[in-house]
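To start, the structure itself, in C-alpha cells.
Each value in this text was obtained by applying a stated rule to the coordinates, not by laboratory testing. Note that the structure is a prediction, hence the values are computed from the model and not measured. Reconstructed Cβ throughout: ideal geometry from the backbone, glycine too, with neighbour counts over all protein chains shown.
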Amino acid sequence: MMRFIRNTITAVLILLSLSCGHTNASSDLADRHSLFKKNVSKPIKFDLDKIKSRGTLRAIVFEGPTSYFLYKGQAMGFEYELLKHFATHLNVDLKIIVAKNFDELGELLNSGAGDLIAHGFTVTLDRQKSFMFSDYLYLTKQVLVQRKPKNWRAMKLHEIDKELKHDPIHLIGDTVTIRDHSSYKMRLENVMNEIGGLIHMNIVDSSISTDELIHMVHKGDIKYTIADNTIANVFSYHFKNLHVSTPISFSQRASWVLRRNTPELKSALDAWITQMKQRTDYYVIYNRYFKNRSSILRHVESDYYFNRTGEISPYDDLIKKYAENLPWDWLLLASQVYQESRFDPEAKSWARAHGLMQIMPSTAEELGITNTANPEESLRGGTSYLLDLWNEWQSIPDVKERIKFTLASYNAGLYHIKDAVRLTTQLGGNPKLWDDHVEQAVLKLTLKKYYTRPEIKYGYVQGTEPVNYVKDILKRHRLYQSFFEETI
C-alpha cells in the first residue's frame, strides 16, 4: 500500500510539473527513464575492424517469444534469425549472449561482452544521449493490455466492447502497472499531460519483463499494463481473454542498440538493414514471428474428422502401420497427426516444421528424412522420434502419465520438459505426474523469474503450447475411441 501511495504521489507531482508548462522532461526525469541502469563502464573502443579480426560477432539478446528461444530443440527468434544473416554478411561467426535483465544491458554492451544489443528497443531522444541506435527494423506502437470480461465468451461483441477501455482518457483515475526505467513509464507520464488527468502508476522492478506483466493481466493479478503491439499480439494468440487493440502511442521505431563509439559497425549494420528490408527473406522472418504465430493455434476441421466411411484420414493405413512400433494404439497417433497437420502432408508451421508429423528441418536431417512432405517418410521418422522420447521417460511408471510426458516432449522439446521436471521438484510437486504438477511447471517456464533459475538449463518456453497440445490430443483420442468403440 505504501509503495502504491508513493507511486501515486509521484504521478501527481509529475502531472503538476507537466501541467505548469514544463513540457520538456527535466534532466532528473531523463535519468530515471534511461534505457539501462546508470553507472555503467565507459564504452570500450572495439569497432567493426576488431570484430572482423576476432572473427566473431557477439550479440546480446533476451529470451522470449520473438527474440530468442529454443523450439523443438532448435534455436529460433526474430532477432536470432536476423543476426545469423548479419553475421554471414560480415563473414564472421555469431555468438549469442543471453541477458538476464534490463539492468545489466549497459554494462554488457559497454564492457565489450557484447558488440550490440539485438532487441527491438524504441528510439527516444533520452536514450540516444547514452547509446547509438541502428536504422529501425520495424515500426511498433504501444498498446494497452487489458483483460476481457470474465464471461466474454458468452457475450456479443458490442457487449464486450462496452466493458473495455478504448481510449487512454478512460484510464483517468485507474491504475496501470508498468516497469521502472521503461519507455512505457515515460509514455504514460506524457499521456497524463496530454489528457490532463491522473493515471495511477503501479511501478514494478525493472527486472520484471513485459512478458510477465502481460501474463499477470491474463491471470487477473493486475488490471492493465502497456506493451509494444508486436509482443502484445503474440501473447493475445495464446491468451484469448486479452484485448490489445487500444493504442497508447503513435508509431515508434524499433532498433538495435550499439555503443556510441562504433560508427563503423553502425554504418555497416544500417546499410545491411536497408538491403535486408528490400528482400523477401526479411518479411518471411518478420511474418513468422509477428504475424503467423496464430497459425499454430488454428483449429480447422478436417474433412476426415469423423466421416461416414469410418475413416479418420486418408492415411489411416499408414498410421496403423507405424503405430505398431509404438506402445499405444493407432487412434492416439492419428489424434496427434491431426493436431500437428490436420492430415495435410504439405502443412508448414510458423516455425518451418513440415509434413504430417510437423518435423523440424534439423530433426528431419537427424532422422534421415529427405522429403518431409512424403506421408510415409514423415510417419516413419515421426514415430521413430516418438519412440526415442518414450524411452527417455522410463522413470515414469504409469503408462498414461508416460504418454503425456512423451507428447509434451515432442511438442516443446525433450530438454524443456526435463527442465520442467527439475522445476517441479524444486517447487515441491510430484515430478512423475503431468496434470497439476509438471504441466504447471511448464506454464511457469513462460515467466522470466522461473526460466532464469539456475536449475533451468534450456530457458524460455511458451508453456501454453505443450500444455494445450497434450490436452487436445488426449481429448480427441477419447472421441476417436468412442467412435471406433476401442480402448487404449
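Tabulated data for the structure shown
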| item | result |
| --- | --- |
| Computed over region 295-484: relative contact order in percent, which uses C-alpha pairs under 8 Å that are six or more apart | 16 |
| Calculated P(r) of region 295-484 - Cα pairs past 30 Å, % | 18 |
| Average Cα contact separation per residue, the chain, under 8 Å, 6 or more apart, as relative contact order % | 16 |
| Charge dipole (the chain, unit charges on Cβ, about Cα centre) - positive-most of 267, 413, 88 | 267 |
| Approximate spin-label separation residue 475-residue 275, in nm, with each point projected 7 Å along Cα-to-Cβ | 4.9 |
| The chain: Rg to Rh, with Rh as the Kirkwood radius over Cα pairs | 1.00 |
| Rel. contact order, % - alpha carbon contacts under 8 angstrom, at least six apart, region 377-488 | 21 |
| Net lengthening on full extension, residue 50/residue 371 (0.36 nm per residue, minus Cα-Cα) | 111.3 nm |
| CD proxy at 222 nm, helix term only [per DSSP H run n ≥ 4: -39500 (n - 2.57); per residue of the chain; nearest 500] | -13500 deg cm²/dmol |
| DSSP-defined antiparallel bridges as percent of all bridges, the chain, nearest 5 | 65 |
| Distance in nm between pseudo-label sites at residue 139 and residue 453 (7 Å out along the Cβ direction from Cα) | 4.3 |
| Percentage of interatomic Cα-Cα distances in region 40-95 larger than 16 Å | 50 |
| Region 327-370 versus region 402-427: alpha-carbon centroid distance in Å | 19 |
| Length gained when the stretch residue 388-residue 435 is fully extended (0.36 nm per residue, less Cα-Cα span) | 14.7 nm |
| Within region 131-288, percent of DSSP bridges classed antiparallel, to nearest 5 | 75 |
| Under-5 Å amide H pairs with residue 123, H placed in peptide plane, nonlocal only | 253, 255 |
| Equivalent ellipsoid dimensions for region 74-201 as semi-axes, Å, which come from the Cα gyration tensor, largest first | 37, 21, 13 |
| Degrees, to the nearest 10: 280-290 long Cα axis against longest axis of the chain | 90 |
